[in-house]
Each structure stands twice: as C-alpha cells, then as structure tokens.
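**Student:** The following block contains the structure, expressed as structure tokens.
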Amino acid sequence: MRIFATHLILMHMNFELDQIPFRAEKPRNEGLTMVMDKGLSVREVEDFLSSSSVYTDLLKLGFGTSYVTPHLQEKIDVYQSAGIPVYFGGTLLEAFIVRNRFEDYLKLIEKYKITHVEMSDGSLEMPHDEKCEYIRRLCKYATVLSEVGSKDAEKIFAPYEWVQFMQKESEAGAWKLIAEARESGNVGVFRGNGEAREGLVHEIAHFIPKDKVIWEAPQKSQQVWFIKEMGSNVNLGNIAPNELIPLETLRLGLRGDTFSTFLDK
C-alpha cells in the first residue's frame with residue numbers, strides 16, 4: 001500500500017503563469033472541493049491520490065456504499081494517510097436512524113476513526129427540530145456537515161425555508177451546510193434538466209456566508225455556473241474523482257468555459 005504524507009498540502013504548479021486566481025493552500029476554509037467516492041477500489045484510491053490529493057479537501061463515501069465496499073478499513077486508511085477527512089454519506093446515517101440504531105452509528109464512526117459526519121434528511125421524513133437535535137448530539141463526536149434539501153424532486157422548499165433551515169442547523173453546530181443536488185445534479189438547488197434555481201441560490205448566498213455552504217455540483221455546466229457567479233473559491237461538492245483536476249482548471253481559468261473569467265479587463 002502506498003502512503004501519502006499528510007504534510008503534502010501545497011498546490012502543484014508545474015510552471016509560472018500570471019493572472020491566475022488565488023487558491024488557498026490546504027487546509028482551507030473556502031474553495032473546498034468535496035469528492036464523492038461511489039465505490040473505488042483501494043488501488044483506484046491510491047492512483048487517484050497520487051495525482052489529486054492536493055486538490056481534495058473532503059471525501060464522501062457516497063450514500064450507503066460503505067456497507068458493501070470491500071476492504072473498507074484499508075480504503076479509509078489510505079485516504080486518512082493523505083490527510084483527507086473521510087465521512088460516510090448522509091443516507092447511511094438516515095438508515096441507522098430509521099432503524100433506531102443511532103448509538104450503533106456512533107460506535108461505527110469511532111471504529112473507523114471518522115472525524116467528520118454528514119447529517120441529512122433527504123430520504124427520511126424528520127421534523128426539523130429533531131434534525132437539529134441530532135446535529136447537536138453528533139457535534140460531541142465529530143465535525144458535522146449538514147445537508148439541506150430533499151432527494152425527492154417533487155418536494156420543493158421555498159427559498160426562505162432553505163435559509164431558515166440552514167441558519168438553524170448552523171446554530172445547532174454544523175460546520176458546513178451542504179446544498180442538496182444528489183450525485184445526478186437534478187434536484188434541490190437544480191431543476192430536473194440540471195439548470196440552477198438561480199433565485200434560490202442567490203437567496204441562500206445573500207443570507208448565508210459564502211464559506212459556510214458547499215454546493216453540490218456534479219455536472220461540469222453547474223461547476224462553471226457557480227465559479228462564474230461566486231468566484232474561484234466557491235465550495236463545491238459531489239465531484240467525481242476523475243473530474244477533480246478538470247474542476248481545478250475551471251477554478252483557475254485554464255479551460256475554455258472560464259478562460260476569460262479571471263483575465264484583467
């Protein structure tokens with residue numbers, strides 16, 4: 001097994017080029033990229049990290065994949081040896097909660113030395129006060145990322161409701177707030193065709209600090225839209241491992257879609 005030093009935090013640039021937007025070094029509080037692993041093998045994780053560990057801020061083991069992934073402990077160890085926080089998808093926590101096994105979930109994150117936890121209610125109907133109470137309880141054991149929005153395309157919240165949910169979950173102790181879009185990018189802050197609900201996004205951005213929200217944006221067009229709207233250091237999530245370096249070029253204006261975005265006018 002290859003080991004990746006935790007001190008490897010410098011962005012890798014092979015040569016000098018001016019008019020490149022600033023990107024903070026890891027560990028950073030904004031400009032985060034959350035990668036979704038939906039079932040990579042240990043060897044694939046090693047290969048992915050050999051080129052992309054410096055660009056990966058958070059690693060989510062998507063939905064309930066941790067339950068069926070072979071060599072789970074070895075895989076988590078590889079990520080953690082690279083200094084990358086790993087956490088289970090929020091759907092897994094919901095699966096424990098709906099079975100009245102929350103305490104067993106706490107034992108699970110202790111077993112795997114998981115330092116970050118995603119709290120969500122995208123699949124499970126839950127009163128919001130109850131969700132906030134789970135956040136408060138989880139904060140005693142880990143850094144909490146709280147996901148807002150439903151995985152049901154028919155369940156649409158008004159913009160003011162999104163803002164209220166995010167404010168209350170932040171007050172309950174959530175470190176970051178994840179704006180739901182699923183791994184497909186066609187629910188939550190996006191319409192069924194993948195286009196952003198611009199009014200909703202702008203309402204959230206007006207009331208919630210920029211560095212507080214991670215916008216799930218699995219599609220390239222969605223990543224481009226957020227970078228143009230909010231800048232190079234917008235927090236983005238649900239990025240496929242093979243799309244991580246392409247995303248970084250979008251952030252730096254080194255791909256056609258954002259080529260002119262950061263050039264001096």
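**Student:** Where does each of His116, His206, His12, His128 land when they are ranked from fewest to most other beta-carbon atoms within 10 angstrom?
**Tutor:** His206, His12, His128, His116
**Student:** Right, another one. Given (i) 17.9; (ii) 20.4; (iii) 18.9, which label gives Kirkwood radius over Cα pairs in Å as computed from the coordinates?
**Tutor:** (iii)
**Student:** Subtracting the Cα-Cα distance from 0.36 nm times the residue separation, let me have the gained length for Asp129 to Val68 in nm, one decimal.
**Tutor:** Stretched out fully, the Asp129 to Val68 stretch lengthens by 18.8 nm.
**Student:** Another one. Too long at a 19 Å Cα-Cα cut-off: which of Lys26/Lys176; Lys38/Lys228; Lys168/Lys212?
**Tutor:** Lys38/Lys228
**Student:** Follow-up question, since we're still on this one. Dividing the alpha-carbon Rg of segment 62-193 by 2.2 N^0.38 Å yields what?
**Tutor:** After normalising by residue count via 2.2 N^0.38 Å, the value is 1.05.
**Student:** Explain nothing, just the number: dipole magnitude of segment 33-143 about its Cα centre with +1 on each Lys and Arg Cβ and -1 on each Asp and Glu Cβ, in debye rounded to the nearest 20.
**Tutor:** Computed about the Cα centre, the dipole is about 220 debye.
**Student:** I would also like to ask the following. Counting DSSP beta bridges in segment 131-265, what percent are antiparallel, to the nearest 5?
**Tutor:** 10 percent
**Student:** Given N residues in segment 1-143, what is Rg(Cα) / (2.2 N^0.38 Å)?
**Tutor:** 1.16
**Student:** Sticking with this one: Note the direction-averaged projected area, equal to a quarter of the hull surface, for the Cα convex hull of segment 119-215, in nm².
**Tutor:** If I average the Cα hull's projected area over directions, I get 5.8 nm².
**Student:** At a threshold of 8 angstrom on Cα-Cα distance, excluding pairs fewer than six apart, so keeping six or more, what relative contact order does the chain reach in percent?
**Tutor:** Rounded, it is 20 percent for the chain.
**Student:** Provide the percentage of antiparallel DSSP beta bridges, counting only those with both residues in segment 33-258; round to the nearest 5.
**Tutor:** If we restrict to bridges inside segment 33-258, about 5 percent are antiparallel.
**Student:** If you don't mind, another one. Hey, for a label at Glu229 modelled as a point 7 Å past Cα toward Cβ, could you say which residues of segment 192-215 have their backbone N under 12 Å away?
**Tutor:** 195-206, 215, by backbone N distance to the label point.
**Student:** If the label point is 7 Å along Cα→Cβ of Glu171, which residues in segment 185-215 have backbone nitrogen under 15 Å from it?
**Tutor:** Counting backbone N atoms under 15 Å from the label point, the list is 208.
**Student:** Got a sec? Charge dipole of the chain, +1 on Cβ for Lys and Arg, -1 for Asp and Glu; which of Phe207, Thr65, Phe262 is way out at the positive end?
**Tutor:** Ranked along the dipole, the leading option is Thr65.
**Student:** Still on this structure: Using θ = phi - 60° and the Karplus form 6.51 cos²θ - 1.76 cosθ + 1.60, what ³J(HN,Hα) does each residue of segment 171-180 get, whole Hz, x for Gly and Pro?
**Tutor:** So the Karplus estimates, Gly and Pro as x, are 4, 6, x, 5, 6, 10, 10, 9, 8, 4 Hz.
**Student:** Among Met166, Met126, Met13, which one moves the most in a GNM of the chain with springs linking Cα atoms closer than 10 Å?
**Tutor:** Fluctuation is largest for Met13.
**Student:** Treating only the Cβ of Lys, Arg, Asp and Glu as charged (+1, +1, -1, -1), what charge dipole size does the chain show about its Cα centre? Round to the nearest 20 debye.
**Tutor:** 340 debye
**Student:** What's the FRET efficiency of Thr261 with Asn14 using the Cβ-Cβ distance as r and R₀ = 30 Å, to the nearest 0.05?
**Tutor:** About 0.90, to the nearest 0.05.
**Student:** Considering only Lys131, Lys111, Lys228, give the residue with the highest GNM mean-square fluctuation for the chain, with springs between Cα atoms whenever their separation is below 10 Å.
**Tutor:** In this elastic network of the chain, the residue with the biggest mean-square fluctuation among Lys131, Lys111, Lys228 is Lys111.
**Student:** Can I ask one more? What are the residues whose amide H is under 5 Å from the amide H of Thr143, where those residues sit 5 or more places off or on another chain and H is modelled from the backbone?
**Tutor:** His116, Val117
Computed from the coordinates by the stated procedures, all read-outs in this text should not be read as laboratory data. None of the values given here were measured: they were computed from a predicted structure. Here the Cβ is made from the backbone with ideal geometry for all residues, glycine too, and neighbour counts use every protein chain on show.
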